[in-house]
1. Rounded to the nearest 20 debye, what is the charge dipole size of the protein assembly as shown about its Cα centre when +1 sits on each Lys and Arg Cβ and -1 on each Asp and Glu Cβ?
2. Can you compute the helix-only [θ] at 222 nm over the protein assembly as shown? Use -39500 (n - 2.57) per DSSP H run of at least 4 residues, normalise by all residues, nearest 500 deg cm²/dmol.
3. Calculate the dipole size of the range A:2-93 relative to its Cα centre from +1 charges on Lys and Arg beta carbons and -1 charges on Asp and Glu beta carbons; express the result in debye to the nearest 20.
4. Rank B:Leu84, B:Trp99, B:Ile14 by how far each Cα sits towards the positive end of the charge dipole of the range B:7-131 (+1 on Lys, Arg Cβ; -1 on Asp, Glu Cβ) and give me just the farthest.
5. In which sequence would A:Phe79, B:Phe111 go, from the one with the fewest C-beta neighbours within 10 Å to the one with the most?
6. On average, how many beta carbons from a partner chain sit within 10 Å of the beta carbon of a residue in A:42-52?
7. Mind pulling the angle between the C-alpha long axis of helix B:37-64 and the longest principal axis of chain B? Nearest 10 degrees, somewhere in 0 to 90.
8. For chain A, find the longest principal axis of its Cα atoms and tell me its angle to the long axis of helix A:2-20, 0 to 90°, nearest 10.
Amino acid sequence: MLELSIGIILGACALGAGCAMIAGIGPGIGEGNAVAKACEAIGRQPESKSAVTSTMIMGCAIAETTGIYALVVAMLLIFVAPNLLVNVLMKAIQ
Amino acid sequence: MTIDKTVAKETRYIAAWVLAFSVLMQVVFLLIGEWDYTVLLGNLLGAATAVGNFLLMGLTVQKAVAEEQKDAARRIRMSQSYRLMMQGAVLIAAALIPWFSLWAAAVPLLFPRFAIMVRPWFDKHKGGEDA
């Protein structure tokens, strides 16, 4: 029974980490679209290249944070949560 | 490949703020009594990764804006995937190698976002006379 409980905890953590990483897909698509539009804007007004690039970099950094949040949550679910939850389970059994 | 002036300027700004937030994080760890050398090494690893990630993103954007729209979008998507994998590898290394604290390595990855968040506030004060 204990092995099954630990197995469920580990499986749920791994599943949660996998689900969290779905959020890693979005920023790439969003950044791609934004940069494509920036290319269009620079093509229309080449003199605004510096301003557009600057805004673009900041926008990409903000968009990317979502993916990093997801990555951090996934890593915590893989490396920190299992030990924590198994300890809680052991204490509850004792 | 030469680094564009805009990219270098923005990277310097982010690096300065990451350094400031890192010092703040060390102070917080000291205050809560959790500081040891793993926190310092983890922080260095995370901060270097955050600034490196920002620089790589800037270089990709610099290259992408000179390309066709489709190629630019593809380049950025590929770059984002690779950079996310790089950060994942760094976090896995921080989790597995006992010299690094995972928390101290993970938190600095979010510092560039905080730096961008505080930017309008500073620009408002710095450029008050411009407005």
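Bear in mind these aren't lab numbers, they're just calculated from the coordinates by the rules spelled out. Worth saying up front: this structure is predicted, and the values here are computed from it rather than measured. Quick reminder, even Gly has a Cβ in these numbers, built from the backbone with ideal geometry, and neighbours come from all protein chains shown.
1. 280
2. Value at 222 nm, helices only: -29000 deg cm²/dmol.
3. About 80 debye.
4. Value computed over the given set: B:Leu84.
5. On the way: A:Phe79 18, B:Phe111 24.
Result, fewest neighbours first: A:Phe79, B:Phe111.
6. 2
7. 10
8. Long axis of A:2-20 versus the principal axis of chain A: about 10 degrees.
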